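One structure is given here, and the rest of the page talks about it.
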């Protein structure tokens with residue numbers, strides 16, 4: 001169950017990175033910082049204003065998604081249009097530093113704790129498991145399933161796939177790539193904000209909470225294949241289960257074995273299990 005929970009978190013983050021890469025062809029290293037911001041917004045909305053879980057979650061996603069659109073419009077826009085990957089990389093790393101240190105100045109150095117939203121335990125085949133963590137699993141996989149349906153069936157989702165596969169061809173079909181890029185950025189970063197909000201009651205909220213999650217998300221992407229949404233899900237399941245069982249049997253040295261496992265995968269399949277290089281859905 002813990003493995004499924006970790007896999008759900010990693011899949012939300014890595015799917016967002018994959019989505020942004022597919023549409024904008026840039027790697028958004030600031031994904032972890034946006035996750036942290038989503039967690040802080042969720043904390044303050046639910047604590048100071050007393051809103052319920054669902055309202056606080058939606059508000060956090062909308063605010064962070066709005067900031068993501070501004071980031072794409074005024075920071076990433078001129079670079080991804082010309083295929084300038086390195087400047088975008090520098091911008092995203094710098095943005096991460098600004099957001100993390102800005103969070104320390106604005107929110108303070110002390111960790112924040114969100115009261116349990118779904119209290120109690122649940123009985124699963126004789127196993128008593130935290131209801132909070134169980135709902136985290138449910139939310140994560142429902143959102144990933146919704147993302148897959150959106151990309152495969154909706155008009156906007158198909159337009160995003162078209163832009164990712166052939167920018168000029170999509171323009172000839174009447175698709176506005178700039179608007180699709182903004183939508184892709186909103187959804188991709190929104191997934192990170194969702195991850196930050198739903199883990200806020202489970203983990204402490206801090207300025208650097210997104211760093212270790214981002215590292216694991218990139219391991220997921222390496223295994224699944226950059227640009228492959230199904231690869232992000234399968235990679236997240238592998239990493240989540242590996243980490244959960246490894247922590248039980250090997251303790252903190254699990255990360256060493258995890259990186260060795262990822263290196264072996266890269267040696268055999270450099271493009272990942274799903275050979276993701278552009279933007280694959282099926």
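The values are calculated or read from the model by the stated rules, or taken from the named source; none is laboratory data. For clarity, every value in this text was computed on a predicted model and none was experimentally measured. When we count neighbours, we look across all protein chains shown, and the Cβ atoms used for this are built from the backbone with ideal geometry, even at glycine.
Of note:
- Evaluating residue 156 against the criteria (1) farther than 21 Å from residue 3 by Cα; (2) in contact with a helix residue (DSSP H, G or I) (Cβ under 7 Å, 6 or more places away or on another chain); (3) crowded, with 17+ Cβ neighbours inside 10 Å; (4) at pLDDT 85 or above leaves one unmet condition, (3).
- The selection criterion, being touching a helix residue (DSSP H, G or I) at 6+ places or on another chain (Cβ under 6 Å) and either in a loop (DSSP other than H, G, I, E, B) or under 24 Å from residue 35 (Cα atoms) (or both), holds for residue 175.
- In region 225-246, the residues that are over 18 Å from the mean Cα position of the chain (by Cα) and either at pLDDT below 85 or within 27 Å of residue 26 (Cβ to Cβ) (or both): none
- Yes/no for residue 9 being within 18 Å of residue 218 (Cβ to Cβ), without any contact (Cβ under 8 Å) to a residue 40 or more places away in the chain and either out of contact with any strand residue (DSSP E or B) (no Cβ under 9 Å at 6 or more places or on another chain) or surrounded by 15 or more Cβ atoms within 10 Å (Cβ to Cβ) (or both): no
- Failed item in (1) over 14 Å from the mean Cα position of the chain (by Cα); (2) crowded, with 22+ Cβ neighbours inside 10 Å; (3) over 21 Å from residue 145 (Cα atoms), with residue 174 passing the rest: (2)
- Residue 259 satisfies every condition listed in (1) free of Cβ contacts under 8 Å to residues at least 40 places away in the same chain; (2) assigned to a helix (DSSP H, G or I); (3) surrounded by fewer than 13 Cβ atoms within 10 Å (Cβ to Cβ) except (1).
- Residue in region 249-261 that is at pLDDT 85 or above, out of contact with any helix residue (DSSP H, G or I) (no Cβ under 9 Å at 6 or more places or on another chain) and farther than 20 Å from residue 141 by Cβ present: yes
- Against the list (1) without any contact (Cβ under 8 Å) to a residue 12 or more places away in the chain; (2) within 25 Å of residue 76 (Cα to Cα); (3) in contact with a helix residue (DSSP H, G or I) (Cβ under 7 Å, 6 or more places away or on another chain); (4) not in a helix (DSSP H, G or I), the condition residue 170 fails is (4).
- Some residue of region 236-249 being closer than 21 Å to residue 147 by Cβ, in contact with a strand residue (DSSP E or B) (Cβ under 8 Å, 6 or more places away or on another chain) and crowded, with 22+ Cβ neighbours inside 10 Å: no
Yes or no, residue by residue, for (1) over 30 Å from residue 105 (Cβ atoms); (2) at pLDDT 90 or above:
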site: 164; (1), (2): yes, no
site: 168; (1), (2): yes, no
site: 172; (1), (2): yes, no
site: 183; (1), (2): yes, yes
site: 190; (1), (2): no, yes
site: 208; (1), (2): no, yes
site: 219; (1), (2): yes, no
site: 223; (1), (2): yes, no
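- Helices (runs of 4 or more DSSP H) fully within region 20-135 counting 3 or more residues that are surrounded by 19 or more Cβ atoms within 10 Å (Cβ to Cβ) and touching a strand residue (DSSP E or B) at 6+ places or on another chain (Cβ under 7 Å): 31-48
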